[in-house]
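*Asks:* What follows is a single structure, and I will ask about it in a moment.
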Amino acid sequence: MRLPSPEDTFLNNLGRIYGTYVGGFVAFVILLAVLEQLGVPDRIIGYLFVFFTLAVYAGIGIVTRTVKVSEYYVAGRQVPAVYNGMATAADWMSGASFVGLAGTLYALGYDGLAYVLGWTGGFVLVAVLVAPYLRKFGAYTVPDFLAARFGGNFARLLGIVVLFACSFTYVVAQIYSTGIIASRFLGISFEIAIYVGLAGILLCSMLGGMRAVTWTQVAQYLVLIIAYMLPVAILSAQKFGLPIAQITYGAVLQEITVLEQQLLAGGLATAETLKPHLAPFTSLDPFNFFALIACLMIGTASLPHLLMRYFTTASVRDARRSVGWSLLFIFLLYVTAPAYAAFAKLEVYQNVIGAGLDALPEWIYTYGRLGLVDICGAHAASVEAVQAACAEVTGNQGVLRLPDLAIDRDVIVIATPEIAGLPYVIAGLVAAGGLAASISTADGLLLALANALSHDVYYRMIDRRAPASRRLLIARLLLLGAAVLAAYVASTRPADILSMVAWAFSLAAAGNFPVLVLGIWWRRCTSAGAIAGIIAGFGVTFYYLVMTQYGGMPEWYGVKNISAAVFGLPVGFAVTILVSLLTPAPSSEVQALIDDIRRPSGDPVMRDRTA
Amino acid sequence: MAKRPRQRTPGETLWWGRTVRLAISALAVWFVFGFLVHGFVFQLNDITIADFPLGFYMAAQGSLVVFVALIFWFCGRQEAIDRNAGVAEPEPVRGEMPL
């Protein structure tokens, strides 16, 4: 038995603490709803939502601050499986998942489900192939493992390069979407909103590292899942009397199919412009569909900021179980996203397409003014603007046709409260959820980046005798540096940010997956093999991405560059295996290390003497 | 890091063999529901269950349910394998984890 400490009191009361937190949050939402009825302006409601939630996250971040190295890097390795599952779910689901996924499904129909499958199925690979073994190894970072298994700092350096390639653009995108959400709901300029979001992000992670991020991510998960499920549940209840949209949207799909036929028959859409929602392979051919699923799944099992969450559990068994909990919590959002898409499409086909240009629903203008809904090629800011724009379009006879309408994909989730005619407080809730999703992912990514710099570069490669206090100081300074740099890049509004995020999966998959899996499951895998494999797999993927995007290179076999790992993965595996077979087998020390990693019992392989 | 002789006991070999076979079974199920069934989307879409065309349903929900169940099943099996081989970790000191 260990002596009781404040830490244990906290861990033993997690259920009560987070139960109170959820109750408090629900009460807060109800309070705001009452305030709104009493006539408090929307803008104040938005401010209260953003600042209250940010204050709670910051509060948790400050309460769970730490001066211990192992708590800073891996939350003291005592996070229970269920809570680590929630934290991982928040870590995993980014602002793009929260606001963008439903829009993608709206636009692509069946083909968009490649994202739903790809972003969930990868957890099977995490549980079976990677997470329990990395937990047993006891590393602080993924490059740490590569260094120990593959003979030192060169492998570590390659791991750091892969980590930076797949994490930095990702974190820029998170800060970007934090800025978008904050600016929309606070009515401040995007450039200032970015720094407001950044303050929220830093307050969570600066003082307490992984420990603070873990407990704020749990809080953020609870906010984001409530915010995501509620609006569409209300929509479903309004239409079907049953608030479980995940079940009722089957009927919506049927209605959409009927409406699609009517639009075609009525001349409001042509066969070229209308992609049937349920028809497979209209946007992606089957090969690209399955390639995308594979790259997203394997990328999931290779992203360092995700894998490091499983370093924080109390045991190998908990690491494995917590992957199951993670997927369960993620599942809740991902089965809801197609329902959002279906309900939004029904609204558009029923009430928007075919409506007179002077009789469009109000939400069209609300988002048109923000530049997110275009009609006839111009922002749908007002009735006059729409009529003026459509007068220029040949064939338009005062009625909105499908090709005339362009909706930004972020609108689908954000506009749902207004489509359902719900009070503003629900819109504020959705904004708080989107903010939670972006901030939690940004925190995980920043921590992964800063830990690679402070632990792998500074401690392992530069000063191996650094005392704990200096290691933590360096870690915090680097975190701050990475955050400010990412915020600066985000404030320049880089054009390709969304496609670059999708690349992160392919880069991580090709760079990390072959060597992680072979390093654990194939004892014959040698250092030279792994080093050659990372360079070849990552190199091919990187080359394909850059050359097809910027170099004007034609696609190989028609593979879209979002699935670039289709080339990098086989190359990575083949090179690792071939070079391994050509070089002498790993030493008996490394073989013993592999045995140790595989066996759940016993101490972690790697221990930190200053922890 | 601990230095131990390379020799593995027969018990360890048996245990690792079981672990590998379990991993292969889990990945087989993963492959079927991650990829294979969606290859039959057109045929499955001819079947409608609760208004959902089955092919669409499998990609939107069915496979996801299988993935979640698969991971928990896998955990249970792997824990049993580890326990029987005597390589499992000791049970946690604190009671079961709070829900």
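The values are calculated or read from the model by the stated rules, or taken from the named source; none is laboratory data. Quantities reported herein were computed from a predicted structural model and do not represent experimental measurements. When we count neighbours, we look across all protein chains shown, and the Cβ atoms used for this are built from the backbone with ideal geometry, even at glycine.
*Asks:* Given the conditions (1) β-branched (Val, Ile, Thr); (2) buried (at least 21 other Cβ atoms within 10 Å of the Cβ); (3) within 28 Å of the chain's Cα centre (by Cα), report the number of the one that A:Thr548 does not fulfil.
*Replies:* Here A:Thr548 meets the rest and fails (2).
*Asks:* With respect to B:Ala85, is the statement that it is more than 7 Å from chain A (Cβ to nearest Cβ) and closer than 16 Å to A:Arg317 by Cβ true?
*Replies:* Values: more than 7 Å from chain A (Cβ to nearest Cβ): yes; closer than 16 Å to A:Arg317 by Cβ: yes.
Taking the combined requirement at face value, the residue satisfies it.
*Asks:* Further question: Answer yes if at least one residue in the range A:28-50 is of a type in the set (Ser, Thr, Tyr) and buried (at least 24 other Cβ atoms within 10 Å of the Cβ), and no otherwise.
*Replies:* Kept after step one, since they are of a type in the set (Ser, Thr, Tyr), are these residues of the range A:28-50: A:47.
Keeping just the survivors that are buried (at least 24 other Cβ atoms within 10 Å of the Cβ) gives none.
No - not one qualifying residue is present in the range A:28-50.
*Asks:* Is it the case that the range A:131-139 has a residue that's closer than 23 Å to A:Leu333 by Cα and assigned by TED's automatic domain parsing to the domain that holds A:Ala475?
*Replies:* yes
*Asks:* Scan A:Gly39, A:Gly76, A:Gly100, A:Gly24 and give me the residue that is over 30 Å from A:Ser183 (Cα atoms) and either out of contact with any Phe, Trp or Tyr (no Cβ under 6 Å at 6 or more places or on another chain) or within 13 Å of chain B (Cβ to nearest Cβ) (or both).
*Replies:* Sole residue among the options that is over 30 Å from A:Ser183 (Cα atoms) and either out of contact with any Phe, Trp or Tyr (no Cβ under 6 Å at 6 or more places or on another chain) or within 13 Å of chain B (Cβ to nearest Cβ) (or both): A:Gly76.
*Asks:* Applying the selection to the range A:297-322, what residues are within 20 Å of B:Gln61 (Cβ to Cβ) and modelled with pLDDT of 95 or more? Talk me through it step by step, then tell me what you get.
*Replies:* Just the residues of the range A:297-322 that are within 20 Å of B:Gln61 (Cβ to Cβ), to begin with: A:297, A:300.
Residue satisfying the conditions is A:Met297 alone.
*Asks:* In the list A:Arg493, A:Arg465, which residue meets the criterion of being in a loop (DSSP other than H, G, I, E, B) and either among the hydroxyl-bearing types (Ser, Thr, Tyr) or free of Cβ contacts under 8 Å to residues at least 40 places away in the same chain (or both)?
*Replies:* A:Arg465
*Asks:* Among the candidates A:Phe185, A:Phe154, which residue alone is among the hydrophobic types (A, V, I, L, M, F, W, C), surrounded by fewer than 19 Cβ atoms within 10 Å (Cβ to Cβ) and outside any loop (DSSP other than H, G, I, E, B)?
*Replies:* A:Phe154
*Asks:* Hey, another quick one. Look through the range A:255-285, keep the residues that are of a type in the set (A, V, I, L, M) and free of Cβ contacts under 8 Å to residues at least 60 places away in the same chain, and return whichever of them is surrounded by the most Cβ atoms within 10 Å (Cβ to Cβ). Quick ask: steps written out before the conclusion?
*Replies:* Within the range A:255-285, the first condition is being of a type in the set (A, V, I, L, M), and the residues that meet it are A:256, A:258-259, A:263-265, A:268-269, A:271, A:274, A:278-279, A:284.
Next cut, free of Cβ contacts under 8 Å to residues at least 60 places away in the same chain only: A:258, A:264-265, A:271.
Details: A:Val258: 10, A:Leu264: 16, A:Ala265: 9, A:Ala271: 8.
Out of the qualifying residues, it is A:Leu264.
*Asks:* Right, next: Looking at the structure I just gave you, is B:Gly17 free of Cβ contacts under 8 Å to residues at least 12 places away in the same chain, part of a helix (DSSP H, G or I) and either touching a helix residue (DSSP H, G or I) at 6+ places or on another chain (Cβ under 8 Å) or facing chain A (nearest Cβ under 9 Å) (or both)?
*Replies:* The answer is no for B:Gly17.
*Asks:* Something else now. Of everything in the range A:531-569, what is in contact (Cβ under 8 Å) with a residue 12 or more places away in the chain, of a type in the set (A, V, I, L, M) and in a helix (DSSP H, G or I)? Give them in sequence order.
*Replies:* Across the range A:531-569, the qualifying residues are A:Ile531, A:Ala532, A:Ile534, A:Ile535, A:Ala536, A:Val540, A:Leu545, A:Ile562, A:Ala565, A:Val566, A:Leu569.
*Asks:* Okay, moving on. Can you name every residue in the range A:354-399 that is closer than 25 Å to A:Gln261 by Cα, over 31 Å from the mean Cα position of the chain (by Cα) and either outside any loop (DSSP other than H, G, I, E, B) or of a type in the set (A, V, I, L, M) (or both)?
*Replies:* If the condition is that a residue be closer than 25 Å to A:Gln261 by Cα, over 31 Å from the mean Cα position of the chain (by Cα) and either outside any loop (DSSP other than H, G, I, E, B) or of a type in the set (A, V, I, L, M) (or both), then A:Ala355, A:Gly356, A:Leu357, A:Ala359, A:Leu360, A:Cys390, A:Val393, A:Val399 are the ones that fit.
*Asks:* Could you check the range A:241-290 and list, in sequence order, the residues that are part of a loop (DSSP other than H, G, I, E, B), farther than 19 Å from A:Ala344 by Cβ and at the interface with another protein chain (Cβ under 8 Å from one of its Cβ atoms)?
*Replies:* Across the range A:241-290, the qualifying residue is only A:Pro280.
Residue by residue, here is whether (1) without any contact (Cβ under 8 Å) to a residue 12 or more places away in the chain; (2) in contact with a Cys (Cβ under 8 Å, 6 or more places away or on another chain); (3) within 23 Å of A:Trp92 (Cβ to Cβ) holds:
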residue: A:Phe164; (1), (2), (3): no, no, yes
residue: A:Ala173; (1), (2), (3): no, no, yes
residue: A:Ala182; (1), (2), (3): no, no, yes
residue: A:Gly200; (1), (2), (3): no, no, yes
residue: A:Leu207; (1), (2), (3): no, no, no
residue: A:Thr216; (1), (2), (3): no, yes, yes
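*Asks:* With respect to A:Leu578, determine if the residue is assigned to a helix (DSSP H, G or I), more than 31 Å from the chain's Cα centre (by Cα) and among the aliphatic types (A, V, I, L, M).
*Replies:* Working: assigned to a helix (DSSP H, G or I): yes; more than 31 Å from the chain's Cα centre (by Cα): yes; among the aliphatic types (A, V, I, L, M): yes.
Yes: the conditions hold for A:Leu578.
*Asks:* Hey, can you tell me all the residues within the range A:518-539 that are surrounded by fewer than 21 Cβ atoms within 10 Å (Cβ to Cβ) and of a type in the set (Val, Ile, Thr)?
*Replies:* A:Ile535 - this is the single residue of the range A:518-539 that is surrounded by fewer than 21 Cβ atoms within 10 Å (Cβ to Cβ) and of a type in the set (Val, Ile, Thr).
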